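Derivation of every value follows stated rules applied to the coordinates shown; laboratory data play no part. None of the values given here were measured: they were computed from a predicted structure. Virtual Cβ from ideal backbone geometry, glycine too; neighbours counted across all protein chains shown.
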Amino acid sequence: MADQSFIDWPFFAAHNRDHFAALKAWCGANDAALHAETGDVDADCRRLVRLLGDAGWLRHAVPAAYGGASETLDVRNLCLTRQSLAYHAGLADFAFAMQGLGTGAISLFGSEGVKQAYLPRVASGEMIAGFALSEAKAGSDVAAMETTARRVPGGWVINGEKTWISNGTIADLLTVFAHSGEAPGARGISAFVLPTATEGFSVVDRIDVIAPHPLATIRFADCFVPDDHLIGEAGQGFKIAMATLDVFRSTVGAAALGFARRATDEALDRAVNRKLFGAPLGDLQLTQAALADMALGNDASALLIYRAAWAKDSGQPRVTREAAMAKLHATDTAQQTIDKAVQLFGGAGVVSGNMVERLYREIRALRIYEGASEVQKVVIARAALAAAQAREK
C-alpha cells in the first residue's frame, strides 16, 4: 500500500482524514469489483457509477442540499477520492470524476429547479453526467467553438457538434457550452443543462483511445432546452467553465498521483523481489536513483495538489494558478514515474495486462484533458506576470 503519511499534513481536517480512511478500506474490500471489466466499456462504466452511487461515494460530487455529503463541494475530499480510486482502477476514478465535473457548473450556478431535478439522481448513480465543451476546432481555444444556442420563446435551441466528450455514449445529462451571441469570442458563450433524451441529440461516433473510456462525438440538431436550463446568465459560459475547472482541475492531479503511487508500489515490490546478478534489483544504485525520483515526485505533487484544494476549501475565490500548478506537475511527473516503473519491469512492463502497462496507458490522457500541460504553463506564466506588473505599480 502506498505511503499514507501525507494525510497527517496540516492541509486536512478531521473529516477529510475520516473520509480517506473509510474510502481506503472500501477500495481494499472491493478491489475485485473495481476491476471486473468485461470489455464493454459502456457497461463497465454504468456498473461502476451504480457501485459508487450505492456505496455513497458519489455524494461527494454534489452539495448536501441535493443529496451530497458536504454543504459545498469539498475539494480535498474530491482529490482524496480520485487519488484512492485511481490507485486501484483508472476506470473507477473516471466514473467518479465525470459525475462531479459533469454537474459542477450546475452545483455552482444552476437554477434551483434544475439542481433539485438532477443532482440527487447523479449523487445516487441513477443518472450519468457529462461535460460538453470541446469541439474539433475548439479544444484549448474555447472561443473558436461553433456550436450555437439561439433564443426562442420559452428557451433555447442548440445546434452543432462536440467531440472528445467523456461519457458521450452513456450520459443521461450534459452540461453544454455554446455561442449565444451576446458578444464576440468567449464573452458570447453560454452554458446549458441538456438531458440526452432531448429530441435532436445523437451520438455521431465512438472514439477509441489507448485506455478505453466512453468517448464520443455528439451532435445537437435543433435541441430545445427550457429557460431554466440556462446555467447562470447568458454570455457567462466561459467564466462558468473556468470556475468549474477551478474546482476540478486539482482533482486531475490527484488522479495522476494515485496512478503514480501505484506505479511506485509496483516498482518497490519489483526492486525487493526481483533478483539480478544474484542480488535484489533494489541493491543497484541506478534502481535506487529511480525510486528516489518517484518518491520525490509523489510528495512534490501531493503538496501542490492539497495546497490548491485547501485554498479552495478555505474560501479563496480563485485558485486558477494553484490548480494549474497542481495539474501540470502531478500529471507530467506521474508520466515520468510510471515510465520508470515500466523500465524496472523490463519486458514484463510492456506485456498487456501488467499493472504498470495499464498505468502507462491510463496516465497519458491526463496531460491533455481539462487543459493540456502547455495551457497550464500559459496560465501560470500569466499569473506570474500579472503579479510582477502589480508590484511595479
- Task: Taking every Cα atom in segment 130-235, find the radius of gyration and the maximum pairwise distance Dmax, and write them in Å.
- Result: 13.1, 44
- Dividing the mean separation of Cα pairs under 8 Å (6+ apart) by the residue count of segment 130-235 yields a relative contact order in percent of 31
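By count of other Cβ within 10 Å, fewest leading, how are Leu257, Leu276 ordered?
Values: Leu257 32, Leu276 13.
So the residues, fewest neighbours to most, are Leu276, Leu257.
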- Estimated inter-spin distance, Ala143 and Asp269, nm [label 7 Å along Cα→Cβ]: 5.0
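If you take all C-alpha pairs in the chain, what percent of them are over 31 Å apart?
Numbers: 27782 of 77028 pairs.
For the chain, the share of Cα pairs beyond 31 Å comes to 36 percent.
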- Query: How many nm is it between the label spots at Ala197 and Leu385, if each spot is 7 Å from the Cα in line with the beta carbon?
  - Reply: 4.9
- Compute the relative contact order of segment 40-180 as a whole-number percentage, counting only Cα pairs closer than 8 Å that sit 6 or more residues apart in sequence. 24
- Item | Percentage relative contact order, the chain, counting C-alpha pairs under 8 Å, at least six apart | 15
- Between Glu182 and Gln316, what is the spin-label point distance in nm, taking each point 7 Å from the Cα along the Cα→C-beta axis? 2.8
- Task: Just subtract the alpha-carbon distance of Gln116 and Arg206 from 0.36 nm times their residue separation and send over the number in nm, one decimal.
- Result: 29.3 nm
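Taking 56 Å as R0, compute the FRET efficiency from the Cβ-Cβ separation of Asp222 and Ala36 and round it to 0.05. It would help to have the intermediate numbers written out before the result.
Working: r = 40 Å, r/R0 = 0.72.
Between Asp222 and Ala36 the formula returns 0.90.
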- Task: Could you give log10 I(q)/I(0) at q = 0.13, 0.18, 0.19, 0.22 Å⁻¹ for segment 5-128, computed by the Debye formula over C-alpha point scatterers of equal weight, without solvent?
- Result: -0.50, -0.92, -1.01, -1.27
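Determine the alpha carbon to alpha carbon distance for each of Lys24/Lys312; Lys137/Lys327; Lys115/Lys239; Lys137/Lys340 and list only those over 31 Å. Walk me through the numbers before you get to the answer.
On the way: Lys24/Lys312 24 Å; Lys137/Lys327 24 Å; Lys115/Lys239 19 Å; Lys137/Lys340 35 Å.
The answer is Lys137/Lys340.
Counting helices only, and only those DSSP H runs with n ≥ 4, report the 222 nm mean residue ellipticity of the chain as the sum of -39,500 (n - 2.57) divided by its residues, in deg cm²/dmol to the nearest 500.
Helix contribution divided over all residues of the chain: -17500 deg cm²/dmol.
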- Task: Take each uninterrupted DSSP H stretch in the chain, measure its Cα extent along the helix axis, and return the ones at 24 Å or beyond whose mean Kyte-Doolittle hydropathy is at least -0.5.
- Result: 90-109, 237-273, 285-313, 320-345, 373-392
- Taking the Cβ of His88 as the center, what net charge do the other residues with Cβ under 10 Å away carry, scoring Lys and Arg +1 and Asp and Glu -1? 0
- Calculated FRET efficiency, Gln343 and Ala279, Cβ-Cβ r, R0 25 Å, to nearest 0.05? 0.85
- Message: Can you give the local net charge around Phe109? Use residues other than it whose beta-carbon is closer than 13 angstrom to its beta-carbon, Lys and Arg +1, Asp and Glu -1.
- Response: -2
- Item | Charge dipole (the chain, unit charges on Cβ, about Cα centre) - positive-most of Phe6, Ser111, Val75 | Phe6
